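The values are calculated or read from the model by the stated rules, or taken from the named source; none is laboratory data. Please read these numbers as outputs of a predicted model, since none were measured by experiment. Every residue, glycine among them, receives a Cβ derived from its backbone with ideal geometry; neighbour counts consider all protein chains shown.
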Amino acid sequence: MNLVDQVKQAGVVGAGGAGFPTHVKLSAKVEWYLANGAECEPLMHKDRELMTHFASEILQGLKLSAAAVGAEKLAIGLKEKNQDAVAALEKVILRSDVFIHRFGDFYPVGDEYELVYGITGRLIPPAGIPLDIGVVVNNVETLFNIYQASLGKPVTEKFLTIAGLVKNPLTTRVPIGMLVEDVLALAGGAKVSEFAVMESGLMMGKPVKDLSQPVSKTTGGLIVLPKEHSLITRYQTPPKAMDRIGQSACDQCSYCTELCPRYLLGYEVLPHLVMRSLGFSIMGKELWNQYSLLCCKCGICTLYSCPEALFPREACVRGIEDLRSIGKGKWGGSKEMKVHSLKEDRRLPLKQLMNRLGVAQYESHAGYVEVEAQPDQVHIPLQQHTGDPATPAVKVGDRVRKGQMIGQMQEKQLGAHVHASIDGRVRDIKDGMVIIERVK
């Protein structure tokens, strides 16, 4: 079995983003293979800890993957400040042909477009992907999982940081399908009774609506904040209120555009013009919404740039949705790109961002700790990836073993197989999940 088949069989998906099935990327032929360890979300340290403690596995995954796609240039991108991770990688790389690219402590250097430009000097075409310019990018956890797949081990666990207002912030790994409330208990639980949880980051993550929801292959971390924190209340603002406030208060200052990382890279993303769509009819909206199509949803415009605390990112997201609903969701603008002359001067330091967000006091090392995570049950989603959901490969009452396939993709479907993360019995299959209870 070749690496592509091993990765497909193991259900490996992108661990740092939308969960794109990794075996598809490994079927390409490219010049560059990049490992993304340039983690930049406030309070998140999962990738740093992975590189520090599992550098050898990540390097092996990178080399295996590069060989599969014929890449001759291999690089690992991470932040220079993470000296323990740099030292661990340097120790295992030795005389290898892999080089380390050190980024400054800015947000969002972990964005795929930023990473590719920073390391290779190449710009991904508008609405394109790294493959368009001969590059493959994988998160360092994905590379760890690729190496595990080469040993015949499927994806059954997730690395994540548990931070914020918890008693013992840490980074660890847990069975996929473990409930959020059980994961928080590994960090000693929240320090206060009234709290809210953000999943996978404060900037590009999302609020956890139910503590009984499960961890998936793409969960990067859990951050606990006070329930009344300004970030939480902003994320809870109804769309109609966002639009009403934006329509009445936006003075077209253009700060949202001038600090947009995609705009600074030379892409035609103009959030201040998208904000004009809030006061126009359908025809007018279409005119202004076209400037939202290349938005990366990083959140700088909404959570940092806007002096009125408006919601330009959300306007861009809805602009994209509106255009797609009328069949005009594909980029039809300029293909020419020129990096802004002030790009380097307008980069956003992470410490400055954390101060603006009001979370600097929650920063902690959150070092890696191996914990005894043995939940009584897991709720494993059949769709943890881009594409179609997996089809159940088990039935209620079946005994299953950790690593056994419980969700299967058909040959020509885009998606990823799903595996049991604990030994147990299938208690139920409902709401797109396989529920397994541990047999004591």
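Is it the case that some residue within region 130-152 is touching a His at 6+ places or on another chain (Cβ under 6 Å) and either under 16 Å from residue 36 (Cα atoms) or not aliphatic (A, V, I, L, M) (or both)?
Looking only at region 130-152, we keep the residues that are touching a His at 6+ places or on another chain (Cβ under 6 Å), and these are none.
For region 130-152, residues touching a His at 6+ places or on another chain (Cβ under 6 Å) and either under 16 Å from residue 36 (Cα atoms) or not aliphatic (A, V, I, L, M) (or both): absent.
If you take the residues in region 287-323 that are of a type in the set (D, E, K, R) and either buried (at least 20 other Cβ atoms within 10 Å of the Cβ) or touching a strand residue (DSSP E or B) at 6+ places or on another chain (Cβ under 9 Å) (or both), which one is nearest to residue 350 (Cα to Cα)? In this case the residue turns out to be 313. Scanning region 380-407 for residues that are over 19 Å from residue 22 (Cα atoms) and within 21 Å of the chain's Cα centre (by Cα) gives a single hit, 380.
Within region 131-143, the residues that satisfy the criterion of being part of a helix (DSSP H, G or I) and either crowded, with 24+ Cβ neighbours inside 10 Å or of a type in the set (Val, Ile, Thr) (or both) are 133, 140, 141, 142, 143.
Report yes if some residue within region 319-331 is part of a loop (DSSP other than H, G, I, E, B), within 22 Å of residue 205 (Cβ to Cβ) and either touching a residue at least 40 places away in the same chain (Cβ under 8 Å) or not assigned by TED's automatic domain parsing to the domain that holds residue 106 (or both); otherwise report no.
From region 319-331, those part of a loop (DSSP other than H, G, I, E, B) are 326-331; that's our starting set.
Narrowing the set further to residues that are within 22 Å of residue 205 (Cβ to Cβ) leaves none.
Within region 319-331 (the criterion being part of a loop (DSSP other than H, G, I, E, B), within 22 Å of residue 205 (Cβ to Cβ) and either touching a residue at least 40 places away in the same chain (Cβ under 8 Å) or not assigned by TED's automatic domain parsing to the domain that holds residue 106 (or both)), the answer is no, since none of the residues qualifies.
Considering only region 353-363, state which residues are charged (D, E, K, R) and part of a loop (DSSP other than H, G, I, E, B). Result: 363, single match.
Across region 337-362, the qualifying residues are those that are closer than 18 Å to residue 81 by Cα and basic (Lys, Arg), and the one among them that is surrounded by the most Cβ atoms within 10 Å (Cβ to Cβ) is 347.
Looking only at residues that are surrounded by fewer than 15 Cβ atoms within 10 Å (Cβ to Cβ) and aliphatic (A, V, I, L, M) in region 226-274, which one is nearest to the chain's Cα centre (by Cα)? Among them, the one singled out is 241.
Each row is one residue, and each column tells you yes or no for (1) in a helix (DSSP H, G or I); (2) at pLDDT below 95; (3) within 25 Å of residue 76 (Cα to Cα).
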site: 161; (1), (2), (3): no, no, yes
site: 181; (1), (2), (3): yes, no, no
site: 188; (1), (2), (3): no, no, no
site: 196; (1), (2), (3): no, no, no
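Among the residues of region 99-117, those identified as closer than 24 Å to residue 64 by Cα and touching a residue at least 60 places away in the same chain (Cβ under 8 Å) are 110, 111, 112, 113, 115, 116, 117. Residue pairs whose Cβ atoms lie under 8 Å apart, separated by 6 or more positions or on different chains, with the first residue in region 233-254 and at positive phi and outside the structural domain of residue 203 (by TED's automatic domain parsing) and the second of a type outside the set (Ser, Thr, Tyr) and surrounded by 12 or more Cβ atoms within 10 Å (Cβ to Cβ), are 252/272; 252/275; 252/276; 254/272.
Looking at 119, 76, 93, which is the one that is crowded, with 18+ Cβ neighbours inside 10 Å, among the β-branched types (Val, Ile, Thr) and over 24 Å from the mean Cα position of the chain (by Cα)? Write out each step before concluding.
Working: 119 fails: over 24 Å from the mean Cα position of the chain (by Cα); 76 fails: over 24 Å from the mean Cα position of the chain (by Cα).
From the options 119, 76, 93, the qualifying one is 93.
Here are some residues: 189, 164. Which one is outside the structural domain of residue 54 (by TED's automatic domain parsing) and either within 23 Å of residue 54 (Cβ to Cβ) or over 20 Å from the mean Cα position of the chain (by Cα) (or both)? Exactly one of 189, 164 is outside the structural domain of residue 54 (by TED's automatic domain parsing) and either within 23 Å of residue 54 (Cβ to Cβ) or over 20 Å from the mean Cα position of the chain (by Cα) (or both), namely 189. All of (1) part of a loop (DSSP other than H, G, I, E, B); (2) within 21 Å of residue 378 (Cβ to Cβ); (3) at pLDDT 95 or above hold for residue 209 with one exception: (3). Filtered by the rule that a residue be in contact (Cβ under 8 Å) with a residue 60 or more places away in the chain and touching a Gly at 6+ places or on another chain (Cβ under 7 Å), region 298-315 gives 310, 311, 315.
Residue-by-condition table, conditions (1) assigned to a helix (DSSP H, G or I); (2) over 28 Å from residue 347 (Cβ atoms); (3) of a type in the set (A, V, I, L, M, F, W, C):
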| residue | (1), (2), (3) |
| --- | --- |
| 228 | no, yes, no |
| 245 | yes, yes, yes |
| 256 | yes, no, yes |
| 272 | yes, no, no |
| 276 | yes, no, no |
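For region 313-329, filtered to residues that are of a type outside the set (A, V, I, L, M) and over 21 Å from the mean Cα position of the chain (by Cα), the residue that is nearest to residue 295 (Cα to Cα) is 319.
Note on region 364-440: enclosed strands (runs of 3 or more DSSP E) holding 2 or more residues that are surrounded by fewer than 17 Cβ atoms within 10 Å (Cβ to Cβ) and modelled with pLDDT of 95 or more are 424-430. Could you check region 151-204 and list, in sequence order, the residues that are without any contact (Cβ under 8 Å) to a residue 60 or more places away in the chain and aromatic (Phe, Trp, Tyr)? Within region 151-204, just 195 meets the criteria.
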